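Remarks on the structure that follows.
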Amino acid sequence: MSYLLRLVVPDRPGVLGAVATALGTAGVDIVSLDVLERANGVAVDDIVVDLPPHRLPDTLITAAQSVPGVSVESLRPFAGPLDLHRELELLDALARAPEGTSAKLLAAELPRVFHSGWAVVLSALEAPPPGGLPWEVAAASDAAPAFDGLPLPWMPLTGPRLLPSQEEWLPERWREMAIEMMAAPYGGPGCAVVLGRSGGPAFRRSELLRLAHLTGIATTVASLPPA
């Protein structure tokens, strides 16, 4: 079974090699590694690993943290195809998508790109109904919670932002599930893409900036004539 292991490690030569050795000694196979952040002598890495059937997930935590200075921020099952060029493939698919389908494509593929649980595309309404919300759900991936009818004090969105699980506007059920989210503009004034995952870990600023960069390009690509 595959797992996504998020590690906080000292940013110095040899540490990742020591982690790889420790995981390998425990019988764990590293499939991919993404460096999320590097600052103040610390790096945050997402590692996708394959765990043999007879091994418990705790093996991953024990092995990784056997390296001095390494801590496990989160561990969760990883499902779906692995692709080292996820962003480029998504942009290429958007360029080829039939008119009117880009929002659905983005909602379906962004969770794979960011190792998140789900994605929702919110579209601003030019003429909101009296007393109604100024936006609607344009597309949502599998497992996305229901945004319909939910007041969002941060909409219309004017820039990327993190949406931590402790914010007061969140429904109580969402707070209980520790749903972590981030959002970035996409598709036009007041429109947005929201990514989320239950139980953490919280999205980091580097992930938010990456999302904002990707959705900015995707907005331009989606407006081009189909290739």
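The values are calculated or read from the model by the stated rules, or taken from the named source; none is laboratory data. Source: prediction; values computed, not measured. Here the Cβ is made from the backbone with ideal geometry for all residues, glycine too, and neighbour counts use every protein chain on show. In case anyone asks, the SASA skips ligands and DNA or RNA and just uses the protein heavy atoms, side chains included. Shrake-Rupley method; radii C 1.70, N 1.55, O 1.52, S 1.80 Å.
Taken over the chain, the alpha-carbon convex hull comes to 135 cubic angstrom per residue. Look at the alpha carbon pairs under 8 Å that are at least 6 residues apart: their mean separation over the length of region 128-215 gives a relative contact order of 25 percent.
For region 1-79, rounded, prolate or oblate, judged on the Cα gyration tensor with a ≥ b ≥ c (square roots of eigenvalues), a/c < 1.5 rounded, else prolate if a/b > b/c? Taking the square roots of the gyration eigenvalues as a ≥ b ≥ c, region 1-79 is prolate.
Taking only DSSP H segments of four or more residues, each worth -39500 (n - 2.57), what value at 222 nm results for the chain once the sum is divided by all its residues, to the nearest 500 deg cm²/dmol? Dividing the helical sum by the residues of the chain leaves -8500 deg cm²/dmol. In this label model, ARG205 and GLU172 are separated by 3.5 nm, measuring between points 7 Å along each Cα→Cβ vector. Take the Cβ atoms of ALA79 and GLU126, set R0 to 35 Å, and the FRET efficiency comes out at 0.40. Once the C-beta distance of GLU99 and ARG38 is scaled by a Förster radius of 35 Å, the resulting FRET efficiency is 0.30 to the nearest 0.05. Considering only alpha-carbon pairs that sit under 8 angstrom and 6 or more positions apart, the relative contact order computed for the chain is 17 percent.
Taking every protein chain into account, the 1.4 Å probe leaves ASP29 with about 90 Å² of accessible area, to the nearest ten. Comparing GLY132, PRO52, ALA192 along the charge dipole axis of the chain, the residue lying farthest to the positive side is PRO52, per the Cβ-charge model. In a simple Cβ point-charge model (Lys, Arg +1; Asp, Glu -1; nothing else charged), the chain has a dipole of about 280 debye relative to its Cα centre.
Rounded to 0.05, the FRET efficiency of the THR220 and LEU56 pair, given R0 = 41 Å and the Cβ-Cβ distance, is 0.30. Sorting PHE78, PHE114 on solvent-accessible area from highest to lowest, probe radius 1.4 Å, gives PHE78, PHE114. LEU125's amide H: which non-local residues (gap 5+, or another chain) put their own amide H closer than 5 Å, with H modeled 1.01 Å from N in plane and none for Pro or chain starts? Amide H to amide H, under 5 Å and 5 or more residues apart or across chains, LEU125 pairs with TRP135, GLU136.
Extension gain, ARG12 to ILE30: 0.36 nm times the residue separation minus the Cα-Cα distance gives 4.5 nm. Computed extension length for ASP92-GLU136: 13.2 nm, one decimal, from 0.36 nm per residue of separation with the Cα-Cα distance subtracted. Of all the accessible heavy-atom surface of region 182-227, with the other protein chains kept in place and a 1.4 Å probe, what percent is carbon and sulfur? Carbon and sulfur atoms account for 66 percent of the accessible area of region 182-227. Under a 5 Å amide H cut-off, with hydrogens placed 1.01 Å from N, GLU37 pairs with VAL44 among residues at least 5 apart or on other chains. Among LEU106, LEU122, LEU150, the largest mean-square fluctuation in a Gaussian network model of the chain, built with springs joining Cα atoms closer than 10 Å, belongs to LEU150. Seen from a random direction on average, the alpha-carbon convex hull of region 67-163 projects onto 9.3 square nanometres.
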